[in-house]
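Q: The structure is given below, and queries will be raised subsequently.
Derivation of every value follows stated rules applied to the coordinates shown; laboratory data play no part. Treat the numbers as computed from the prediction; the structure is a model and nothing was measured. A quick note on method: Cβ atoms are made from the backbone with ideal geometry, for glycine too, and the neighbour counts reach across all protein chains shown.
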Amino acid sequence: MQKQTPGNLQSRNSRNFEYGFTMVELLVTITVLGILVPAFVTMITTLDSINDRARDMAAVHALAEHKVEGLRSINFTGLTNGTTNFTNELPATIAAPRSATYTVSSVNAALKQVDIAVSYNDHGNTRNLSYRTYIGELGVGQY
């Protein structure tokens, strides 16, 4: 075993290890983050907008289905021709301006047509959804 002397220690420690990051590494990291962070922010904003649109459409579809089922439960002779406004039944999450109506019309003596129209604001654009169904005197699907 070799005895350590001051000269011996000097040669072993002559390897000058520097810890930390160089300026180039820091600049590359900042540049990459400068590109990725705005991309992630844009992606999250877009996903939030898509989520809002899907939530609104699901709410409108559910309300239209509920309205149709309610009309089907009325006796055929109880369905009167005309237009009815049910805007007040739209969920509060649907942005204004918004409107919802249904129109009942007679196709023939044993068949009535129901048209549902819903309009609402979707991030600055007006979205119009229309639904049509038929209600027969004999019952569901019996025209």
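Q: How far apart, in nm, are the 7 Å Cα→Cβ label points at Ser105 and Ile74?
A: 1.7 nm
Q: Count charges around Ile116 for me, please; just the other residues with Cβ under 9 Å from its Cβ, Lys/Arg as +1, Asp/Glu as -1.
A: My count for the surroundings of Ile116 gives +1.
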